[in-house]
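Engineer: Dumping the structure here so I can ask a few things about it.
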Amino acid sequence: MTFYDLASLAKPLVTAPLAHAFLDLDADRRWQLGFHDRATPLTVRQLLSHSAGLPAWLPYTGEPLVAQLRRTPLPGAHPLMGATTVGVSTYSDLGYRLVAELLAAELGLAWKQLGQAVSGLSPAPWTPAPTELTAGQDLAAWRIAEPGLPYPEAAPGLPHDANARAGMVGHAGFGATAPQLRECLVRWMASRCPDSMAIDSAQDEGGAVWGLGLQRATEPYADLLARIPLGAMGIHVEASNSASWPAPVDSAGMPGPATFWQHLAYTGAALFVRLEDRCCVALLCHRAGPDGQLLNLAQLRERRRGMLRDFLAKLDA
């Protein structure tokens, strides 16, 4: 049975549920995390909504994040390390790293143990291994930010994300088969945690809305998701191990206000949730093309849209 690296789906399925269950979302954590020079509070609510003013990404070195930020003046050196603004959402792996560190410190348990207990997902290293992917843009960014730090070598049972391979917790490092993910989603939905996550909290510069672990669904997926009738289904996992992707198809047009929330993963996996009828659709795919190349974002979007179209065709049958 095919095994998938869930990558950033660890954020809504592992890190955010633990944060909602065990952390005060509004306590100021500046001193605890070492951000003594920060002028504004640093809260878990900000970290979950990607609005803490942290860069999207930095290589994982094992040192305190605040120390790395102080010695790495890199805004503009690479898109993954651009300057950000407190209160404006900028998708950040670093915020979830800090949430995981808070959880591990307060609960006194190892991160993998915590994550597996709350989700039922498998922490890396894995057997069997997911589909292999070539290095992405983090390779170039890593060399800019940390030229003296070796880029973590890939291995069949390790995450595709270089930071996860190097040890960064909170944002990646869990995988699953389709049945395993479905069991996780059954538990996740029953916990009512998505209800706490799907709350408008911050916007990015393009107007996209983030909650506390999920994002309001927008194009290119919202038009397809809007075709799922209320009450038509519960929890579904659609899996594909295909190396092809469909040709682009024009959108049917943006529907009314999005009712689905989503989270997307670098490796291709995706999660969509509608709270009104407890509808949950997960896509399991990978990002390798026919020749093993890493699909670009446009190709990956079409792969996901193709899977959604196939699912809708089955739903209509």
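The values are calculated or read from the model by the stated rules, or taken from the named source; none is laboratory data. These numbers were taken from a predicted model, which means no experiment stands behind them. Cβ sites come from the backbone with ideal geometry, for glycine too, and all protein chains shown count toward neighbours.
Engineer: Kindly list the number of the only condition in (1) in contact with a Pro (Cβ under 7 Å, 6 or more places away or on another chain); (2) part of a helix (DSSP H, G or I) that fails for P12.
Structural biologist: Failing condition for P12: (1).
Yes/no per residue for (1) over 30 Å from A208 (Cα atoms); (2) assigned by TED's automatic domain parsing to the domain that holds S51; (3) not aliphatic (A, V, I, L, M):
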{"residue": "V86", "(1), (2), (3)": "no, yes, no"}
{"residue": "S89", "(1), (2), (3)": "no, yes, yes"}
{"residue": "G95", "(1), (2), (3)": "no, yes, yes"}
{"residue": "E101", "(1), (2), (3)": "no, yes, yes"}
{"residue": "A104", "(1), (2), (3)": "yes, yes, no"}
{"residue": "L107", "(1), (2), (3)": "yes, yes, no"}
{"residue": "G115", "(1), (2), (3)": "no, yes, yes"}
{"residue": "G136", "(1), (2), (3)": "no, yes, yes"}
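Engineer: Starting from residues that are farther than 20 Å from L6 by Cβ and assigned to a loop (DSSP other than H, G, I, E, B), keep the ones in the range 98-122 and report whichever is nearest to the chain's Cα centre (by Cα).
Structural biologist: Per the criteria, the residue is L109.
Engineer: Which one of the conditions (1) buried (at least 20 other Cβ atoms within 10 Å of the Cβ); (2) at positive phi does C280 fail to meet, given that it meets all the rest?
Structural biologist: Every listed condition holds for C280 apart from (2).
Residue-wise test of (1) within 23 Å of G292 (Cβ to Cβ); (2) free of Cβ contacts under 8 Å to residues at least 40 places away in the same chain.
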{"position": "H78", "(1), (2)": "no, no"}
{"position": "G87", "(1), (2)": "no, no"}
{"position": "A104", "(1), (2)": "no, no"}
{"position": "A141", "(1), (2)": "yes, no"}
{"position": "A155", "(1), (2)": "yes, yes"}
{"position": "G167", "(1), (2)": "no, no"}
{"position": "G175", "(1), (2)": "yes, no"}
{"position": "A178", "(1), (2)": "yes, no"}
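Engineer: Take the residues of the range 38-62 that are loosely packed, with under 14 Cβ neighbours inside 10 Å and touching a helix residue (DSSP H, G or I) at 6+ places or on another chain (Cβ under 9 Å): which is nearest to A198 (Cα to Cα)? Talk me through it step by step, then tell me what you get.
Structural biologist: Applying the first criterion (loosely packed, with under 14 Cβ neighbours inside 10 Å) to the range 38-62 yields 39-40, 62.
With the extra rule that they be touching a helix residue (DSSP H, G or I) at 6+ places or on another chain (Cβ under 9 Å), the set shrinks to 40, 62.
Working: T40: 25, G62: 32 Å.
It comes out as T40.
Engineer: Applying the selection to the range 142-156, what residues are of a type in the set (A, V, I, L, M, F, W, C) and modelled with pLDDT of 90 or more? First the steps, then the outcome.
Structural biologist: Quick first cut of the range 142-156, residues of a type in the set (A, V, I, L, M, F, W, C) only: 142, 144-145, 149, 154-155.
W142, L149, A154, A155 - these are the residues of the range 142-156 that are of a type in the set (A, V, I, L, M, F, W, C) and modelled with pLDDT of 90 or more.
Engineer: If we scan the range 77-92, do we find a residue that is at pLDDT below 90, within 17 Å of the chain's Cα centre (by Cα) and surrounded by 15 or more Cβ atoms within 10 Å (Cβ to Cβ)? If you could, list the steps in order and put the result at the bottom.
Structural biologist: From the range 77-92, those at pLDDT below 90 are 77-84; that's our starting set.
Okay, now just the ones that are also within 17 Å of the chain's Cα centre (by Cα), so 80.
Now narrow it down to the ones that are surrounded by 15 or more Cβ atoms within 10 Å (Cβ to Cβ): 80.
The answer is yes; a qualifying residue exists.
Engineer: For the range 143-153, name all the residues that are closer than 19 Å to L80 by Cα and touching a residue at least 12 places away in the same chain (Cβ under 8 Å). Before you say what the answer is, go through the steps one by one.
Structural biologist: Applying the first criterion (closer than 19 Å to L80 by Cα) to the range 143-153 yields 143-152.
Residues satisfying the conditions are I144, A145, E146, L149, Y151, P152.
Engineer: What are the residues in the range 144-158 that are surrounded by fewer than 16 Cβ atoms within 10 Å (Cβ to Cβ), within 25 Å of A176 (Cα to Cα) and of a type outside the set (A, V, I, L, M), if any?
Structural biologist: Within the range 144-158, E153, P156, G157 meet the criteria.
Engineer: Can you tell me which residues in the range 100-143 are β-branched (V, I, T) and either loosely packed, with under 15 Cβ neighbours inside 10 Å or out of contact with any helix residue (DSSP H, G or I) (no Cβ under 8 Å at 6 or more places or on another chain) (or both)?
Structural biologist: Of the residues in the range 100-143, the ones β-branched (V, I, T) are 118, 127, 131, 134.
Scanning the range 100-143 gives T127, T131, T134.
Engineer: Considering the range 76-97 alone, what residues qualify as being part of a loop (DSSP other than H, G, I, E, B), of a type in the set (A, V, I, L, M) and farther than 12 Å from G53 by Cβ?
Structural biologist: Applying the first criterion (part of a loop (DSSP other than H, G, I, E, B)) to the range 76-97 yields 76-78, 82-92.
This time we only want the ones that are of a type in the set (A, V, I, L, M), so: 77, 83, 86, 88.
Hit for the range 76-97 is A77, nothing else.
Engineer: Spot the failing condition for T2; the list is (1) touching a residue at least 24 places away in the same chain (Cβ under 8 Å); (2) over 30 Å from N241 (Cα atoms); (3) more than 16 Å from the chain's Cα centre (by Cα), and only one is missed.
Structural biologist: (2)
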